Every structure is written in structure tokens, then in C-alpha cells.
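The next block holds one structure in the form of C-alpha cells; read it before the comments.
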Amino acid sequence: MFPSKNPNVRALWWVGAVAAALAVYGCPAPPEGGAEDASQAILLPVPDDPTVSFTVWFQVGSQNDPAGKEGLASLTGALLSDGATENNSYEDILKKLYPLASGYGVRVDKEMTTVIGRTHRDNLDAYFGLLADAYLRPAFNEDDFNRLKSDQLNYLEKTLRYSSDEDLGKEALSEAIFEGTPYRHPIEGTVAGLQAITVDDVKQFYAAHYTRENATVALGGGYSDELLQQFEGTLGELPSGSPTAAPDFEPAAIEGRHAVLVAKENADASISFGFPVSVRRGERDFYALWIANSWLGEHRNSSSHLYKVIREVRGMNYGDYSYIEAFPQGGRRQMPPAGVARNHQIFQVWIRTLPNAQAHFALRAAMRELVDLVDNGMTEEEFDLTRSFLSKYYLHFAETTQARLGYAVDDGFYGVDGGGHLARFGEMMASITREEVNAAIKKYLQYDNMKIAIITGEAESMAAALESDTPSPMTYGSPKSDEVLEEDKVIESYPLGIASVRTVSVEEIFGK
Amino acid sequence: MKRSAALLLLTALLLASGGVPAAAQDGAARIFPYEVHAEKLDNGLQVILVPMSSGGLVAYWSIVRTGARDEYEPGRTGFAHFFEHMMFRGTEAYPADVYNDLTTKIGADTNAFTSDDMTGYHLSIAAEDLETVMTIESDRFQNLAYPKDMFQTEAGAVYGEYRKNRMNPFFTVSEAVRKEAFEKHTYGHTAMGYEEDIKEMPNLFDYSQTFFSRYYRPENVVLLITGDIDAASTMEMVRRFYGEWKAGYEPPKVTPEPPQTAEKRIEVPYPGRSLPIVWISYKGDAFSPQDRGYVAASLFCDLAFGQTSEIHKKLVIDEQVVEFIQANQNTNRDPGLIDIITRIKDPAKVDYVISEIDRVLAEARESAPEAARLQELKSRLKYGFLMGLDTPSNVAQRLARWLAVAGTHEVVDQLYATADMVTPEDILAAARKYFAADQRTVAVLKGAS
């Protein structure tokens, strides 16, 4: 219903569902299926849930975009979610879904594509055929193609470049780290790549990747056995093909600290920095590192240490956080999303928008805290509090059946067996020790080699300051304690030793 | 983003008919599927409890019926929002770091927000932590006490939020529209406030005490708790923790907006690139769930500009001149705005799109919609509402806005009952009443190049 401004999450979402949500009724069993057999249905029965949630997972993503046609996976997904099918024009689809207050959407990420839907059990008959048509019988009309291609281009050229510096900073960081790899470009593509895509390209991409070998169904809520059979049966209607090969690559090793500045007139500073990290959901080290990361920068939470240092004590910006796995659209979500499972992850720090004059100081402050964590680990007190926090906070990651279903699909991606990631999360919080956390910090985190991305309206002076490690004193509009001022003296000349700074214009970034 | 928020408000506002509602209380059918336990304490605090099965989760909402609307003194815009930030800065019993450590320790998902008519503080918690949360929440609402330097520091974070927001063109244009549409009423500014007032905030420590004393009083607050709770024992706990809270609410001296007599038009500058945004606001009425005309206006918005409307097909799908188009009536305590919003793909087509909107409105003032379409909308509202009541947080979120604006939970079922009665003729009447050109403000935002 609301064509998302991020074409990545195109949807005909139902009214009132800002976060697709379903109930936790009673005590449903953990999801079945998943890791053992990628094509086996993933099930999450919740008998007294009056709604049914559907997911179809295709093992394809933007990493499969052909060179020169960056954005193809995303555009193909868009045509499935916001285009006509062989049985109905787009307008007719909207008309038929309207009284059901239901919709479906397609999320395309780097490595996975998920078709997501949900409806009330009263409306299953009317709804199911429309959903199945979307992924089985897309029409790929020229009109729909033109509309959605132009929307996606507008997103890159106008929205990403000009309306959200925080997203832009994160994309710039990703591009810098994954340069030369299939992860480099935004999921929505590049301007040149999108411009080059034809409707035949989309048809070919669909034929190659939306095959039965590449697909897994997931069903949750108050569904019947008949519906399950019907839903599983749709996979048989997909063409047969070979499973999509995941490109084999590693991001280039980073030596030293390197900055890229995105010059954008009048922009305040938005900062992201990070480096590749190789932990994976399901592994014990992942949860150990999650504890460390939560302490350092729990997403949009005042428990984040970086938040305390930069926002709470110094009032410099709206927040400061860190991540060990991808968290797209962080400004619009509280809990980690499902459907963005990836084999290549980044550890990254996100410093929210602040005045250019304070950017250098903030970067130093954040870097210093990362160094401190890596060198000294977590204290007993810090560990106890963070572990206690996570032991219950994770209950909110997926409060609804649909969210839990998404995580169950991710379990299939990551090969997390048993009760899946969410169950394991709870178990791990109960058993991981501080020693393990500090060992994980030493093993996976470091601070010498990384990329730094900054959106700024003062690229020239900022580049000069970064290159020379010029001191960056901080001044405040209100009094601060002596303790803070003493610490500031250390921060303001904290050496960053940045090896190189390059500048790109906002008008050129993601051009090709 | 503003657009999604506006749509959420539309959908949150509207209820639908049909289906089998829960047992009626006064003969009228209910749509809200859960039992509501409501009580008003002697000090005026409204307490709404909604027990629901939830796998051990509880949503705890403190709804202060104060927002941008209450900022009537010059130079004080944005203060309700700033104050929302200050509510996390501690009391004597629970200084900020103690409060934060406590909510951290129990793994609470906690946040707050401010809008035209309310400031909402919410925590999503495990049921076992209810008493702990009630202890600290009741404490900070009664005993907030922060030092001056903390106050001044927090102003910086608020400014940071403003910086983040202003790069969004939808924020920019909505700010400009209301400033133009409202000459007297405090809805003329957003909850964020004007930049010059935000800059001044560090100097308003004394005023912040006045603000707290005036508005953070039990008569002005609704306490809403949903989820895995026992109503009786929870109500008893509430009386224990909140019973001593002293009344003393001073209503704001809000100047009513005089009637608009002529169309207004503005161009809104924006420093970056953006496709043109057209934002047209008509003068609406205050939230009136029992008024068929008011509810009809809300339904009209989706019929005329929603996804199955003729203009959507024409401009979005066929001609591909706009990315999207939508309309909704805001849920406000005082007469607010009815917004029509669209983003145009070709800057040369701005006037054309506005003329198309005018055409749709002119036609809507001539003839009533088809009964079948109205029925479909009612079905949509019903299922949309029901599907969104799945977690304690989602239930609380939907109820909160109505509670803030109306102060009572009965409006939920009233709204449903009224929507059920709306006829095509009511829609026609609403189109005629609310959509005259002299009642509107037309804003066009164009990017820098």
C-alpha cells in the first residue's frame, strides 16, 4: 500500500502494519525445517493466531547482479511485488487486496530475496492466489518496468544521495570496504547499471534464479495442513534450474586507516567506520562478540557506551552505535531485521549526524573507545550488566510470528539447527563467560585497519585536518565537568594516523 | 518518515464494520477484541489495563496529553519534545545512570516520542518486571529532578535530532505547511519546534521546571498497560504507586485558530536534490468519533486518494507522473489538518498534478462514491485494525493516540460504530464541507536543482 521509499523493501503492505507483526499466542513450538534440507518447508504453527504468515526465500541477491547491470536483482524483486501478474494487472491486484487489508512484498538483500505476505484467516482464499501469482507468474509488463525502474533510479539519485546522510554514510562505507567485489554496490544498484537494464534482462534474471532448486517456503501462524500442501506445491510450479552460485570472494585486506569523504554541499557530518568481521549466527563466538558489541554500541539504546560518551555526556548528537552484522535502515527500526542474512559482515560504528566542526573530535572519541575495548576487554561489571540486559532484550527481537518466521528462514541460511538463532541466543546468554567475550574481542576486533566514511559539507578542510591529525578541540554551549574537560584534552589530539583520504562528490557516488 | 506516519494515523483512526465483535456493553457492537479495565484515580490519573495473552510480555505506556499544542508561549516551541528528553535525566531516588542501568538490566525496550497532542513514554518488558518498572516510572513522573548542566547538555542531543530530520524533504515541507496554515493556533509548529527556539533551549532551565509542574500532573496523564497482566492486582499496584501524585494541572492557553477565508500558497525551498513534493492541507475538525461527518471525511481520504482510487490509477500507474499519492485526516485534539501528499516525478508536471487533485475534489463534491467501494474500505479498516492488535506493544501503540486526544478508551468502539453507519451520502457531504479551496494551504517543495 505504501510503495516504500526504499525499493529494497517494496511492498503492498497492509494498512497499519508499520512493522509486519504477528502475535505470540500461547507457547508455540520452535520452527521446524531449515538447516538439514534447504528445500524443506520451514514451519511455525501458532494455532490461535488468526492470521497466516508466508515467506518464500530465493537464494539470490544483489551480489548476483551482472557487471554493468547493478540493481537487476532489486528491480526484478520490485516487479514481483509491485507489478502485474499473468492473471491480474497491477491495478486489479490492488483492488483485490484492498478489502483484505493485506499485501505482499519482496525484500532483496545482498544474498537473499524473500517474498513476504500475511493475511487474516478469513481472507485466505481471496489472498493466496494473488500471493502465489506474484512469484510464479509475474507479467513483467513494459509499463510496470518503466515505472519501477524510474522509482529505483530516483531513489539512488535523489533519496539516497540527498535525503538521508546516515544511510548514505553507511553505503559509502560498504562500498569502500567491498570495493571490487559483488557486495560493492548498493542493493538498489548504480545509476549507470540501472539505466542499462532492460525488461528482457529482468525476465532472464527471473528465469535463472527464481527456480525450484533455489526456493524454500516458510509458513507460520494459524494455517491448515491443506494450506501448507498448497503452498509447498507452488514450488513445483517454478521452473527447474540449477541453484544460484554464490560468488566466491573476500573483501580486499585493508592496511591502515583510510577515509573517504562524500562531499555534499551544506551537509552536516555523518560518520561510519569499520572493517570486515567473520562471525556467523549460530557460532558461540558470535554471541560472545554480540555481548561485547552490545556494550560498546547497542543499537538506539542508551546503554550503548559510545552513546554515553558522545551523546549523553557531551550532547553532541542523537546517538552512536556499533554492529557486528548488517542492520539496514537502522534509523527506522529498533530491533535487528530478518531477511538480511549474509556471508560477509562488517563490524561498524555509526556516529549520527553532527556539526562539521565536531566531526573530527567525535571520530577520535569513538576510535579511542574501540581501542580501549580491544586492548582491555570488558570488566566484570560491564559484562554482568550487558549479559543481564541481553538475556531479556532479545525477547523483543521477534515478538510476532512473522518476525520469528523471518529469523527461521535466516536459520536456514546460516545453518543454525535446533531451536534456531533466537533460542540459541537465550542459551548463550546464560552460559557465555567474560573470558570468552574478551577472547572474541581479541580474535575478531582490531583498530589498525579500517575504512572511514564521512558525509560532509566541508570536505576540503576535513580532509586536510584528517591527513595532518590536526588537533580538534571541542567547545560546548554549556558547562562540563572537569573530568570531561580533562578527557577532552586527550581526545582532541588523539592520533588517528589516517593513511589516505579521498573525496568523492555526492553527485558521482554510486554513479557506476 | 512523515508519509508513513501520516498513513499510519489514517489507518489507526479508522475502524471497520462487519465481522463478529466481542460482547457488547451497551448494545452497540464492539470491535476491540480484548477486555478493557479502566479506572480514574482520585487525583485524576486515568488507568487503562488490557490483559492479553502475549508469551510473557507487557507494554507499559505513560501518555502525557501534552505536545506541540501546549507550547503557546513565544519562543517555547519544541519544548514538550525537549522535555521528553529530560524525563530520562533522573530523580533523587533514581538518578539518570541508576534509572538507565535498571532498564538495561531488565532488558527493556524503551523509548519515547512527542507529537501534536501527546508525549508518550513506553517500555516493552518481561511481565516479571512490572513492579520494578512501575516503581521507577511513577517516581520520575512525580519526582523528576535533573541538574542544570545535564539540562544544557541534552539540548545538544535535541539539536542533533533536528539536524538529522531536516535533511528529509518531507519534514521540511510539513514544517512549512503548518506554519502557513495556522496563524494563531500552536499546531502552526511541529513537535520538533523552530530552530531558533531549539538553540535557545539551554537557557530555559527554570522554564523547564514550570513546564513539568504545569503539565506532568495526573489529570493530564493516561497510564496504559497491556499484555500478560492480572487486571485486579495491577490496578491495586497502580493505586499504591500513583495514588499520592498531586493534582495541579494547568491547561495551556491555546488560541483557537480563526476560520480560514482564502487559499494560501507557498513555495518551500530545500537545499538538496528532491523530486517536487506537493502537500495540500485542508482545515479539518478535532477528533470526533461520534460525528459521522468527521469519520466520513477520514474515509473519503482513502476513497478519493488511496490505492484503488481513480487518481492513483491515472497518475501512479498509467501516466507514471507521481511516485505515490495519499491523503488522510490527522487525529488531533483541536481542529487539525487534512493532508493530501504526493511526490512528482517530472518537475514540469507540478501544476498538472495539482489540477488533477482539484478535478477529483470537484467530482467528489458532485457525486457520492459507489456503495461497494465504501463497503470494501470498511472491510479493509476492520481487518487492518484486527491484524495490528497482535502484540502488547502494537495494541498500546494503536490505542495511545486516541487516548491522548480523547482521554478515554470508549472512542475505539465509538469510532467503529460510527464508521459502520457512514453512507455514500455522508462521504459526499464531507467532501463538500471540508474541501473548499479557501480552506486550504498548498505547498510545493522543489529541490535546489
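Every number here is computed from the coordinates shown, using simple stated rules; none is lab data. All of these numbers come straight from a predicted model, not from anything done at the bench. Cβ sites come from the backbone with ideal geometry, for glycine too, and all protein chains shown count toward neighbours.
Can you classify segment A:389-458 as rounded, prolate or oblate using the Cα gyration tensor, where a ≥ b ≥ c are the square roots of its eigenvalues, rounded means a/c under 1.5, and otherwise it's prolate if a/b beats b/c and oblate if not? Verdict is oblate for segment A:389-458. Using a Gaussian network model on chain B with a 10 Å cutoff between Cα atoms, which of B:232, B:155, B:364 fluctuates the most? Per the Cα network of chain B with a 10 Å cutoff, B:232 tops the list. Working note: 222 nm ellipticity from helices only, DSSP H runs with n ≥ 4, each -39,500 (n - 2.57), summed and divided by the residues of chain A, gives -11500 deg cm²/dmol to the nearest 500. Placing +1 on each Lys and Arg Cβ and -1 on each Asp and Glu Cβ, with no other charges, gives segment A:256-343 a dipole about its Cα centre of roughly 120 debye. Segment B:391-428 and segment A:190-248 have Cα centres separated by 40 Å.
Calculated mean residue ellipticity, 222 nm, chain B: -13000 deg cm²/dmol, from DSSP H runs (n ≥ 4) at -39500 (n - 2.57) each, averaged per residue and rounded to 500. Got a sec? Charge dipole of chain A, +1 on Cβ for Lys and Arg, -1 for Asp and Glu; which of A:79, A:441, A:388 is way out at the positive end? Going by the charge dipole, the pick is A:79. With 0.36 nm allotted per residue and the present C-alpha distance subtracted, the residue A:141-residue A:469 stretch has 112.6 nm of extension available. Normalised by the number of residues in chain A, the average gap of Cα pairs under 8 Å and 6 or more apart makes the relative contact order 22 percent.
Round to a whole angstrom and tell me the spacing of the C-alpha centers of segment B:227-299 and segment B:310-354. Here the answer is 22 Å between Cα centres. The label-point distance for residue A:343 and residue A:423, in a model that sets each label 7 Å from Cα toward Cβ, rounds to 2.7 nm. A simple charge model with +1 on the Cβ of Lys and Arg, -1 on the Cβ of Asp and Glu and nothing else charged puts the dipole of segment B:144-242 at about 60 debye relative to its Cα centre. Magnitude of the charge dipole for segment B:22-174, about its Cα centre and with charges confined to Cβ atoms of Lys, Arg (+1) and Asp, Glu (-1), is about 560 debye. In straight-distance terms, cross-link reach from residue B:199 covers every one of the lysines whose alpha-carbon lies under 20 Å from its own, apart from those fewer than eight places away in the same chain; here that gives A:480, B:148, B:164, B:179.
Across segment B:178-195, rounded Karplus estimates of 3J(HN,Hα) from the backbone phi angles (6.51 cos²θ - 1.76 cosθ + 1.60, θ = phi - 60°) give 5, 4, 7, 5, 10, 8, 10, 6, 5, 5, x, 10, 7, 4, 5, x, 7, 4 Hz, Gly and Pro being marked x. For the protein assembly as shown, DSSP calls about 75 percent of its internal beta bridges antiparallel. Residue-wise HN-Hα couplings along segment A:409-425, as the Karplus relation 6.51 cos²θ - 1.76 cosθ + 1.60 with θ = phi - 60° gives them from phi, are 5, 4, 4, x, 4, 7, x, 8, 8, x, x, x, 4, 5, 5, 5, 4 Hz; Gly and Pro carry x.
Annotation for residue B:92 and residue B:210: the two label points, set 7 Å from Cα along the Cα-Cβ direction, are 2.5 nm apart.
Seen against the Cα atoms of chain B and their longest principal axis, helix B:130-143 is set at about 90 degrees. The spacing between segment B:132-172 and segment A:304-383, judged by their C-alpha centroids, is 19 Å.
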